[in-house]
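Trainee: Before anything else, here's the structure in question.
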Amino acid sequence: MTMTPERLRGATSGRAAQAPVPPARTRRGGTRRQAAWAGLIFLAPTLIIFGYFAWWPIAQSVVLAFQQTNLVDPAEWVGFRNFEILFADPLLSRAALNTLWFTVLSLAIGLPVPLFCAVLMSELRRGGTLARVLAYLPVVIPPVVSVLLWKVFFSPGESGVINSLLALVGLGPLPWLQSPELAMPSLVIVATWSGAGTAILIYLAALTGVSTELYEAAELDGASVWQRIVHITLPQMRGIILVLLLLQIIGAIQVFTEPYVMTDGGPANATVTILLMIYRYAFLFGNYGVATALSVLLALVLVLVSAIYLRLTRSWSTR
Amino acid sequence: MHQRTRCALAALVLVPVLAGTAACSSGGGGGEASGDGDGTVTITIMGKPAATNTAAVALFERQVAAFEEANPHITIEASDVPWDAKTFATRLAGGSAPTLLRVPLTEPPALIERGQVADISDVASELDSFDDLNPRVMQFLESDGAVYGIPEKSYAFGLVYNRDLFEQAGLDPDSPPETWDEVREYAKKISDTTGKTGFGEISTNNSGGWHLTGYDYSFGGRMIEQASDGTWTAAFNDGSAHDVLEMWKAMRWEDDSLGDNVLGKQEDLVAEFTAGNVGMWVTAPPDVYPNYIAAGGDPDVFGAGPMPQGGADATLAGATVLMVSATATQAEKEAAVKWIDWRALRPNYDLEVAAETAEASAADGLPVGVPVAPIFSEEAYEAYRDAIAEYVNVPVENFAPYVGSLDAFEYVPEPAVASQEIYAALDPVVQAVLTDPNADIDALLDDAETRVNQILAQNAS
């Protein structure tokens, strides 16, 4: 929690009232009060804009979770009915498990791949810039375009792009998006492909902060490249890895574009995620109350996950 | 990690998740009279053809100009954005929903129930042709004696097929299959001889549930039934839906005639069919034909046959209907209904206008004379056909098997309540059968029945 200007003011005036105050102290207190006011004035536009466009909708959506509305007539209070409808929906547990599965898969694939690429690219003597551009290129492509592109790549049958490549090594053809087992891993591949560029750049930036003296010392001691990575690079980057891991968990739990565009939750609900359910409740069934109730639940889960994660990793990150 | 960072992360989590849905919660608003006191009114309407279909856009714009000239106090702002439940909700919330909505017949019950469309009884009943409108469609647009919409066109499911592929497979393109057994046999022949998909199927975006419903009707089944106390329950967990799923399973895994790509929606199949990669599929032939032509399809290759039957002589019927947003003012309602009459009804009952429209369409290279299921009486439709006869440019004989079947079948409407939700609940059933050779049809139907009953119970409460 940050100190609000009111708290700051209360704290300074309270202290001023306690004891005889030397003149210099009053001056300093007055300066501090003025600074608080000035700060508030400078902050006001940001606070108003942020409050109106970010926090006010959040507050409204929490209220909407307990209402039923058609967006024409005034909303009607229904108490916990939206949550009851939600928990009676057998798809909820399926969507939760699918979302968890997507998150696990995207951590298993999506965390090591960019880290490995970044370390590899930092070791490049030549062509580093080109490698960075190539790695970041997928991020520049609009998500729907890249997802549709992959949909074509994943085309089943022998003529599909990926299946043609597999055929060269005598494998396949595989029913990528058409199989309940393969559909989710396929989506993870797409999500990793389109998101890895950003993570690579962040890792590369972090890598420049690793002291070169440590490498030099290690080289003098005869450490191999692998030993240098394990004993110097990774420990030095643990803070950034930790943050990116958390962001990845949060992002993966909110996955939407890939299942929406590529599979519409299919086949046979194999890729229905929580966000896809929220979307369907809101925009397909017109039940905004239930959709918002699920949004609120998801937000609570994410806050809880973040808190637990940060507590568990606190000692590691500050070591 | 520091507390401040933790707060920032919590905010990071909350904002994107909630802000999206909260955007819908900013209340109704909008729709206040756009008339400005001097009797003029501006309405926003859906139904302008897609920009890629330049000929249809030109005709539409001429109609708008003529309408505005005849009604100088009305201004029309047209949009080519098609009906989309998700954009409608947000536009309604933002006060920018169109005055005139153009929606499929599955939508009116929910829109009426949610109070999102206006009662237009007073203005609609004054139309010359109102009493002649087909009661089969009107029953879905009326509720408690009030009228909420007017049909623009109606359709019945039929079989669309590629006449070239039929010939290549040694089949007679003038005799499309009439039963599901024949469909299965023809599909296998087409895929065996040509290597193309014998029978195309779709299963996402509610299209799987939609097709299961239509096929179920042809076996004599129904999706939901109403008890004497007015409550609805699922009725599909019986022999007929089971037969449909067994047939799909056999065609997909035994015959290998459904192709590999079964996870698509109608637009995907139209593209594949236009490209000549699909032998047959089920849809509304008159509805699909203009899209097929606009996408560069060859008119002579397009064939339309009867809805294949499993013994019931029934077909799923639907329509495109026009409704007015609940936020419209009285002046906007009147203007919208005037426009409905001008664009959608007059060319069907006013023979002079029908001929003029047909002539202009033909001059623009648009399909004229696609056989449809009429929104007025058979007699009115006959007179209309005579009036446009000289401008017909569609190979009507290719539609003969479809048209011949229309009188023979019972028209069964889509589920009267929660149709889209029911379709959404059935999509996974269809997808399971088409993607998993070991799918347990009984278990799938049991699950779907429980789910649909839940939906119906929630809908009633």
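Trainee: Please give the number of the condition residue B:327 fails out of (1) more than 21 Å from the chain's Cα centre (by Cα); (2) surrounded by 23 or more Cβ atoms within 10 Å (Cβ to Cβ); (3) not in a helix (DSSP H, G or I).
Mentor: With respect to (1) more than 21 Å from the chain's Cα centre (by Cα); (2) surrounded by 23 or more Cβ atoms within 10 Å (Cβ to Cβ); (3) not in a helix (DSSP H, G or I), residue B:327 is out only on (2).
Trainee: While we're here: Which numbered condition trips up residue B:430, out of (1) buried (at least 21 other Cβ atoms within 10 Å of the Cβ); (2) more than 10 Å from chain A (Cβ to nearest Cβ)?
Mentor: (2)
Table: residues versus (1) within 14 Å of chain A (Cβ to nearest Cβ); (2) among the aromatic types (Phe, Trp, Tyr); (3) closer than 23 Å to residue B:400 by Cα; (4) surrounded by fewer than 21 Cβ atoms within 10 Å (Cβ to Cβ).
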{"residue": "B:134", "(1), (2), (3), (4)": "no, no, yes, yes"}
{"residue": "B:155", "(1), (2), (3), (4)": "no, yes, yes, no"}
{"residue": "B:159", "(1), (2), (3), (4)": "no, no, yes, no"}
{"residue": "B:167", "(1), (2), (3), (4)": "no, no, yes, yes"}
{"residue": "B:190", "(1), (2), (3), (4)": "no, no, yes, no"}
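Trainee: Still on this model: Determine whether residue B:122 is under 30 Å from residue B:182 (Cβ atoms), of a type in the set (Asp, Glu) and assigned to a helix (DSSP H, G or I). Quick ask: steps written out before the conclusion?
Mentor: On the way: under 30 Å from residue B:182 (Cβ atoms): no; of a type in the set (Asp, Glu): yes; assigned to a helix (DSSP H, G or I): yes.
The answer is no for residue B:122.
Trainee: Find all pairs meeting these conditions: Cβ atoms under 7 angstrom apart; at least six residues apart or on different chains; first residue within the stretch A:301-319 and at pLDDT 85 or above; second residue surrounded by 10 or more Cβ atoms within 10 Å (Cβ to Cβ) and among the charged types (D, E, K, R).
Mentor: Once the first residue is at pLDDT 85 or above and sits in the stretch A:301-319, its partners that are surrounded by 10 or more Cβ atoms within 10 Å (Cβ to Cβ) and among the charged types (D, E, K, R) give A:310/B:6.
Trainee: Pairs needed: first member in the stretch A:158-177, within 12 Å of chain B (Cβ to nearest Cβ); second member anywhere, surrounded by fewer than 19 Cβ atoms within 10 Å (Cβ to Cβ) and part of a helix (DSSP H, G or I); C-beta distance under 6 Å; at least 6 residues apart or different chains.
Mentor: Going by the 6 Å Cβ cut-off, the qualifying pairs are A:172/A:166.
Trainee: Here's a follow-up. So for the stretch A:252-270 (the condition being in a helix (DSSP H, G or I), of a type outside the set (Val, Ile, Thr), closer than 22 Å to residue B:265 by Cβ and within 17 Å of the chain's Cα centre (by Cα)), does at least one residue qualify? Please lay out each step first, then the result.
Mentor: Taking the stretch A:252-270 as the starting set, the residues that turn out to be in a helix (DSSP H, G or I) are A:252-253, A:257-263.
Cutting the leftovers down to of a type outside the set (Val, Ile, Thr) gives us A:252, A:258-260, A:262.
Retained after the next criterion (residues that are closer than 22 Å to residue B:265 by Cβ): A:258-260, A:262.
From what's left, within 17 Å of the chain's Cα centre (by Cα): A:258-259.
Among the residues of the stretch A:252-270, at least one is in a helix (DSSP H, G or I), of a type outside the set (Val, Ile, Thr), closer than 22 Å to residue B:265 by Cβ and within 17 Å of the chain's Cα centre (by Cα), which makes the answer yes.
Trainee: Another question, then. Which pairs turn up if I take residues in the stretch A:209-231 that are within 18 Å of residue A:120 (Cβ to Cβ) and look for partners that are of a type in the set (Phe, Trp, Tyr) with beta carbon separation below 7 Å, at least 6 apart in sequence or on another chain?
Mentor: Here the result reads A:228/A:215, each pair linking the stretch A:209-231 to a residue that is of a type in the set (Phe, Trp, Tyr).
Okay, residues lined up against (1) out of contact with any Leu (no Cβ under 9 Å at 6 or more places or on another chain); (2) more than 14 Å from chain B (Cβ to nearest Cβ); (3) buried (at least 17 other Cβ atoms within 10 Å of the Cβ); (4) at pLDDT below 85:
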site: A:123; (1), (2), (3), (4): yes, yes, no, yes
site: A:138; (1), (2), (3), (4): yes, yes, yes, no
site: A:145; (1), (2), (3), (4): yes, yes, no, no
site: A:148; (1), (2), (3), (4): yes, no, no, no
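Trainee: Consider residue A:39 carefully, then state whether it is on the phi > 0 side of the Ramachandran plot and away from chain B (no Cβ under 12 Å).
Mentor: No: the conditions fail for residue A:39.
Trainee: While we're on this one: On the given criteria, is residue B:221 more than 14 Å from chain A (Cβ to nearest Cβ), more than 23 Å from the chain's Cα centre (by Cα) and not in a helix (DSSP H, G or I)?
Mentor: So residue B:221 does not fit the description; no.
Conditions tested, residue by residue: (1) among the β-branched types (Val, Ile, Thr); (2) buried (at least 22 other Cβ atoms within 10 Å of the Cβ); (3) within 11 Å of chain B (Cβ to nearest Cβ).
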| site | (1), (2), (3) |
| --- | --- |
| A:256 | no, no, yes |
| A:260 | no, no, yes |
| A:271 | yes, yes, yes |
| A:275 | no, yes, yes |
| A:282 | no, yes, yes |
| A:293 | no, yes, yes |
| A:302 | no, no, yes |
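Trainee: How many of the residues making up the stretch B:244-260 are within 16 Å of residue A:152 (Cα to Cα) and in contact (Cβ under 8 Å) with a residue 40 or more places away in the chain?
Mentor: The number of residues fulfilling the criteria is 1.
Trainee: Tell me which residues, restricted to the stretch B:196-211, are assigned to a strand (DSSP E or B) and either within 14 Å of residue B:428 (Cβ to Cβ) or among the small types (Gly, Ala, Ser) (or both).
Mentor: Listed by number, the list holds a single entry, B:198.
Trainee: Would you check if residue A:277 is under 21 Å from residue B:455 (Cβ atoms) and more than 17 Å from the chain's Cα centre (by Cα)?
Mentor: yes
Trainee: Now a separate question. Taking the stretch B:245-257 as the region of interest, how many residues are surrounded by 22 or more Cβ atoms within 10 Å (Cβ to Cβ) and either hydrophobic (A, V, I, L, M, F, W, C) or in a helix (DSSP H, G or I) (or both)?
Mentor: 4
Trainee: I've got another one for you. How many residues does the stretch A:156-178 contain that are closer than 19 Å to residue B:197 by Cβ and buried (at least 19 other Cβ atoms within 10 Å of the Cβ)?
Mentor: 7
Trainee: Taking the residues in the stretch B:68-97 that are within 22 Å of residue A:291 (Cβ to Cβ) and in a loop (DSSP other than H, G, I, E, B) as candidates, determine which candidate is modelled with the highest pLDDT.
Mentor: The residue in question is B:97.
Trainee: Quick check on my filter: what residues within the stretch B:103-129 are more than 14 Å from chain A (Cβ to nearest Cβ), over 19 Å from the mean Cα position of the chain (by Cα) and in contact (Cβ under 8 Å) with a residue 12 or more places away in the chain? Can you show your working first?
Mentor: So the first thing to find is which residues in the stretch B:103-129 are more than 14 Å from chain A (Cβ to nearest Cβ), and the list is B:105, B:120-129.
Checking the rest, the ones that are also over 19 Å from the mean Cα position of the chain (by Cα) come to B:120-129.
Across the stretch B:103-129, the qualifying residues are B:120, B:121, B:123, B:124, B:125, B:127, B:128, B:129.
Trainee: Moving on. Within the stretch A:125-132, is even one residue over 19 Å from the mean Cα position of the chain (by Cα), surrounded by 14 or more Cβ atoms within 10 Å (Cβ to Cβ) and not charged (D, E, K, R)? Steps first, answer last, please.
Mentor: Going residue by residue through the stretch A:125-132, those that are over 19 Å from the mean Cα position of the chain (by Cα) are A:125-132.
Adding the requirement that they be surrounded by 14 or more Cβ atoms within 10 Å (Cβ to Cβ) leaves A:131-132.
Cutting the leftovers down to not charged (D, E, K, R) gives us A:131.
Scanning the stretch A:125-132, I find at least one residue that is over 19 Å from the mean Cα position of the chain (by Cα), surrounded by 14 or more Cβ atoms within 10 Å (Cβ to Cβ) and not charged (D, E, K, R), so the answer is yes.
A quick yes/no check of all residues on (1) modelled with pLDDT of 90 or more; (2) in contact with a Cys (Cβ under 9 Å, 6 or more places away or on another chain); (3) among the aromatic types (Phe, Trp, Tyr); (4) surrounded by 23 or more Cβ atoms within 10 Å (Cβ to Cβ):
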| residue | (1), (2), (3), (4) |
| --- | --- |
| B:396 | yes, no, no, no |
| B:401 | yes, no, no, no |
| B:417 | no, no, no, no |
| B:423 | yes, no, yes, yes |
| B:434 | yes, no, no, yes |
| B:437 | yes, no, no, no |
| B:440 | yes, no, no, no |
| B:451 | yes, no, no, no |
| B:460 | no, no, no, no |
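Trainee: Quick one: in the stretch A:64-91, which of the residues that are facing chain B (nearest Cβ under 10 Å) and of a type in the set (Gly, Ala, Ser) is surrounded by the most Cβ atoms within 10 Å (Cβ to Cβ)?
Mentor: A:65
Trainee: Kindly indicate the residue of the stretch B:65-102 that is within 13 Å of chain A (Cβ to nearest Cβ) and of a type in the set (Val, Ile, Thr) and also nearest to residue B:319 (Cα to Cα) among those meeting that condition.
Mentor: Among those residues, the one meeting the criterion is B:87.
The values are calculated or read from the model by the stated rules, or taken from the named source; none is laboratory data. On a predicted model such as this, the values are computed, not experimentally measured, just so you know. Here Cβ is always computed from backbone atoms with ideal geometry, including for glycine, and neighbour counts include all displayed protein chains.
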